[in-house]
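Here is the structure we will look at.
The values are calculated or read from the model by the stated rules, or taken from the named source; none is laboratory data. These numbers come from a predicted model, not from an experiment. As a convention, Cβ positions derive from the backbone with ideal geometry for all residues, glycine included, and neighbour counts pool all protein chains shown.
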Amino acid sequence: MRDPLIGNARSLGGLLMAAGCFVLIGCAKGEDQSVARDRRGCDRGDATSCYNLGVRYDNGRSVGKDEAKAATLFQKACDLGEKAGCYNLGVSYHNGNVVPKDEVKAAALFQKACDLGYGTGCSNLGVCYQNGSGVAKDEAKAATLYQKACDLDDGIGCSNLGVDYQNGNAVPKDEAKAVALYQKACDLGNGQTCFSLGVGYQNGRWVAKDEAKAVTLYQKACDLGHGTGCLRLGVCYENGTGVAKDEAKAATLYQKACDLGDGEACLNAGFCYAKAIGVVKDGAKAAALFTRACDLGVGEGCFNLGLCYQNAFGVANDEVKAAALFTKACGLGIAPACDRAKPSGSG
């Protein structure tokens, strides 16, 4: 399992539509009535109504999905002073989503969102200055923007500023300050930072080793939907690291992490079913989980699925399919699979 990116990479916020509405604005109940209300409000020049209507069109919620119309509404909302509209439109220009990719325009929109007091706009603008994306590269300005974002309670800004203090990049190196910023980012709901800080406490990196605290941080990351946080928490429960050993809980956490798209967790969950660790032995479930791990690019998942087909464990025997899986696993760096990459009896 690779360690996380804290200390190396900066995060860029994405489109603020994960749950269908931006939390600072809210969504009214009674969808059809609220759509009509937003439409009327936008026609009257109400910025929030235009923004909310844009979110609806972007997600296809209560209206037909129309991302181009959403972008037009975000533009109108931004022109009317809605900071989230400026931010979302900036993300669209940065990614070239529906509108032509234009990093200069994206940076200008993040600037406007930041000027209007939107923390993630400041954070994204900081990343633009960090990378020289749409603006001249200026790491000192990036750090200033991360500070402003953090002061506005934007977790990504706090995390990115922590990276700067950890590495002494454009600010004096200060690992204690970095840890405090990572903790604030975690407290603000940044699951990746909770996870990364947990790794720090588990391994004694930048902080005194504290496995119990690592478990608490992995739990928070997992609660925030961070798959690898659930995986690490599961490993702690399986091994009794920083918490009482509980194989059933470990298996449940591996399954949750797998459902969140973590391939290594699918592999671990597969082993649980293959070896009756915390669950009843079930070859079919093990094979299904190894399949998911393999599909997610985990070589050991492909290798173990190949063994399932070779040994008729949870699936029908199929030497050709087994050989194809061993070949894939070999290509993904699993050395033992390379010797098995030909069907039995082939020349």
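Brief remarks follow.
- The numbered conditions (1) modelled with pLDDT of 95 or more; (2) over 21 Å from the mean Cα position of the chain (by Cα); (3) surrounded by fewer than 18 Cβ atoms within 10 Å (Cβ to Cβ); (4) of a type outside the set (A, V, I, L, M) are all true for N167 except (1).
- Yes/no for A276 being surrounded by fewer than 18 Cβ atoms within 10 Å (Cβ to Cβ) and modelled with pLDDT of 95 or more: yes
- Hits in segment 126-152 - residues which are surrounded by fewer than 20 Cβ atoms within 10 Å (Cβ to Cβ), under 24 Å from the mean Cα position of the chain (by Cα) and farther than 16 Å from A178 by Cα: N131, G132, S133, L152
- First in segment 242-265 and on the phi > 0 side of the Ramachandran plot, second anywhere and at pLDDT 95 or above, Cβ under 6 Å, 6 or more apart: G242/E211; G242/A212; G242/A214; G242/V215; G242/C236; G261/G227
- For first residues located in segment 313-326 and in contact (Cβ under 8 Å) with a residue 60 or more places away in the chain, partners that are assigned to a helix (DSSP H, G or I) and surrounded by fewer than 17 Cβ atoms within 10 Å (Cβ to Cβ) and lie 6+ apart or on another chain with Cβ distances below 6 Å do not occur.
- Residue within segment 303-324 that is of a type in the set (D, E) and either buried (at least 24 other Cβ atoms within 10 Å of the Cβ) or under 18 Å from V199 (Cβ atoms) (or both) present: no
- C150 falls short on exactly one of the conditions (1) part of a helix (DSSP H, G or I); (2) within 30 Å of D259 (Cβ to Cβ), and that condition is (2).
- So L181, is it closer than 16 Å to D153 by Cβ, touching an Asp or Glu at 6+ places or on another chain (Cβ under 8 Å) and free of Cβ contacts under 8 Å to residues at least 60 places away in the same chain: no
- Criterion: crowded, with 20+ Cβ neighbours inside 10 Å, under 26 Å from N203 (Cα atoms) and of a type in the set (D, E, K, R) - qualifying residue of R292, R232: R232
- Contact map, segment 198-220: first residue more than 11 Å from R232 (Cβ to Cβ) and in contact (Cβ under 8 Å) with a residue 24 or more places away in the chain, second residue in a helix (DSSP H, G or I) and aliphatic (A, V, I, L, M), Cβ cut-off under 7 Å, separation 6 or more or different chains; pairs are W206/A178; W206/V179; V207/V179.
- Complete set of residues in segment 75-103 that are more than 11 Å from A113 (Cβ to Cβ) and part of a loop (DSSP other than H, G, I, E, B): L80, G96, N97, V98, V99, P100, K101, D102
- Single residue of K249, K184, K245 found to be over 17 Å from A265 (Cβ atoms) and over 21 Å from the mean Cα position of the chain (by Cα): K245
- Only one entry in A257, A221 is closer than 18 Å to F290 by Cβ and either in contact with a strand residue (DSSP E or B) (Cβ under 9 Å, 6 or more places away or on another chain) or in a helix (DSSP H, G or I) (or both), namely A257.
Let's see how each residue does on (1) surrounded by 24 or more Cβ atoms within 10 Å (Cβ to Cβ); (2) at pLDDT 95 or above; (3) part of a helix (DSSP H, G or I); (4) of a type in the set (S, T, N, Q):
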residue: A176; (1), (2), (3), (4): no, no, yes, no
residue: S196; (1), (2), (3), (4): yes, no, yes, yes
residue: A212; (1), (2), (3), (4): no, yes, yes, no
residue: E238; (1), (2), (3), (4): no, yes, yes, no
